[in-house]
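Below is one structure; the comments refer to it alone.
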Amino acid sequence: MTTHHSGPSTASDTPVTEPPCRFFDLLASEWIKMRSLRSTPWTIALTALFVIGSSAVAALATARHLADAGQGARQPHDFLPFDAYPPAGYLTLMLVAGSVGAITVVSEYGSGLIRTTTAAVPARGSVVLAKAVVTAALWTAVGAAVSTGSFLVSQAVLNGQHAGVPLGHPGVLRALVASALLAPVCALVGLGLGVLIRHSAATMVTSAFTLLMLPTLFSQSERWSADVNHTMVAAAWRRLVQNWGPSPASHMVTATVPGSWLVYGLWPVIAVAVAVAVVRRRDV
């Protein structure tokens with residue numbers, strides 16, 4: 001009878017256990033994906049130029065009006081928020097930020113890269129959270145730069161008519177912060193919609209409708225309609241930027257400042273939370 005003796009196990013026979021993927025590794029991976037898209041820096045640069053340029057154009061128009069009307073046309077030391085932060089520029093910023101936030105997700109679904117990502121990292125919720133953190137960080141930096149640039153450019157133009165105000169003037173800092181945070185809020189809403197819809201065209205349309213067109217369907221003349229309007233991101237931004245309170249003679253229902261900040265916080269949190277819940281229960 002022959003007895004077979006198994007030799008000592010070698011290193012090649014020992015199963016290799018890879019270390020678990022850390023959340024920091026996911027952040028680094030998502031940042032590489034985002035910066036590798038050639039359209040991202042160009043989109044951000046052109047959007048920033050357009051938004052700051054719109055502030056300069058609005059301030060120039062006001063400066064010309066003040067020059068023609070004389071010194072009695074305005075009260076001294078008045079902050080002109082919609083010259084520094086004109087709706088045309090910042091509604092465009094909302095559209096672009098929401099669209100790019102959506103592309104962060106739907107581009108992977110369209111190319112099939114999402115299957116590779118989830119195979120490498122089965123914790124799908126962590127992947128979405130990493131995307132959200134990177135998206136929020138990028139657009140917060142962009143929003144801060146654009147908001148600060150808009151204020152500085154507009155006030156430099158208005159100073160020619162002695163209509164500029166310093167950063168410490170009442171209402172200025174709130175308007176600057178609200179305009180800076182507008183970009184990441186919209187980008188995270190777009191990201192959440194991208195996870196839910198997973199189709200480029202449908203996500204872009206839904207994002208534009210939700211952020212820009214839906215608030216216009218609800219007026220502020222009736223209480224119920226105004227309450228719905230005040231839950232929208234665009235309406236919250238307008239309230240936070242304006243530095244005057246409701247007029248006693250006005251028939252419009254005006255949102256509160258704390259309520260508008262709450263809207264700013266709830267939209268991205270709910271969008272990301274729903275996206276995480278959905279991606280955990282749905283196949284890619």
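Every residue in segment 137-191 that is among the small types (Gly, Ala, Ser), touching a helix residue (DSSP H, G or I) at 6+ places or on another chain (Cβ under 7 Å) and under 18 Å from VAL96 (Cβ atoms), please.
Scanning segment 137-191 gives GLY143, ALA144, ALA145, SER147, GLY149, SER150, ALA178, SER179, ALA180, ALA183, ALA187, GLY190.
Among (1) out of contact with any helix residue (DSSP H, G or I) (no Cβ under 7 Å at 6 or more places or on another chain); (2) more than 21 Å from VAL278 (Cα to Cα), where does ARG115 come up short?
The single condition ARG115 does not satisfy is (2).
What's the number of the condition ALA235 fails, among (1) within 17 Å of the chain's Cα centre (by Cα); (2) under 30 Å from TYR109 (Cβ atoms)?
Among (1) within 17 Å of the chain's Cα centre (by Cα); (2) under 30 Å from TYR109 (Cβ atoms), the lone unmet condition for ALA235 is (2).
Across segment 106-128, what is the number of residues that are more than 26 Å from ALA48 (Cα to Cα) and part of a helix (DSSP H, G or I)?
Here the count works out to 16.
Just one of SER219, SER225 is over 22 Å from ALA88 (Cα atoms), more than 18 Å from the chain's Cα centre (by Cα) and among the hydroxyl-bearing types (Ser, Thr, Tyr); which is it?
None of the others qualify; the one that does is SER225.
Residues in segment 223-235 that are free of Cβ contacts under 8 Å to residues at least 40 places away in the same chain and either surrounded by 14 or more Cβ atoms within 10 Å (Cβ to Cβ) or touching a strand residue (DSSP E or B) at 6+ places or on another chain (Cβ under 6 Å) (or both): how many?
The total comes to 9.
Taking only pairs six or more apart or across chains, which ones have beta-carbon atoms under 6 Å, a first residue in segment 46-70 that is under 16 Å from LEU91 (Cβ atoms), and a second residue that is in a helix (DSSP H, G or I) and of a type in the set (Ser, Thr, Tyr)?
ILE52/SER150; SER55/SER150; SER55/SER154
Residues that are modelled with pLDDT under 95 and touching a His at 6+ places or on another chain (Cβ under 9 Å): which helices (runs of 4 or more DSSP H) entirely in segment 154-262 hold 1 or more of them?
Once the helices (runs of 4 or more DSSP H) in segment 154-262 are filtered for at least 1 residues that are modelled with pLDDT under 95 and touching a His at 6+ places or on another chain (Cβ under 9 Å), what remains is 233-241.
Out of the residues in segment 145-179 that are surrounded by fewer than 22 Cβ atoms within 10 Å (Cβ to Cβ) and among the small types (Gly, Ala, Ser), state the one that is farthest from ASP68 (Cα to Cα).
Within segment 145-179, the match that is farthest from ASP68 (Cα to Cα) is ALA145.
Got at least one residue in segment 62-75 being loosely packed, with under 11 Cβ neighbours inside 10 Å, assigned to a helix (DSSP H, G or I), modelled with pLDDT of 85 or more and not acidic (Asp, Glu)?
no
Output the qualifying pairs, or none if there are none: Cβ atoms under 6 angstrom, residues six or more apart or on different chains, first residue in segment 152-165 and at negative phi, second residue among the charged types (D, E, K, R) and buried (at least 22 other Cβ atoms within 10 Å of the Cβ).
Listed pairs, sorted by first residue: SER154/ASP83.
The values are calculated or read from the model by the stated rules, or taken from the named source; none is laboratory data. Quick caveat, the model's predicted, so the values are computed rather than measured. Reconstructed Cβ throughout: ideal geometry from the backbone, glycine too, with neighbour counts over all protein chains shown.
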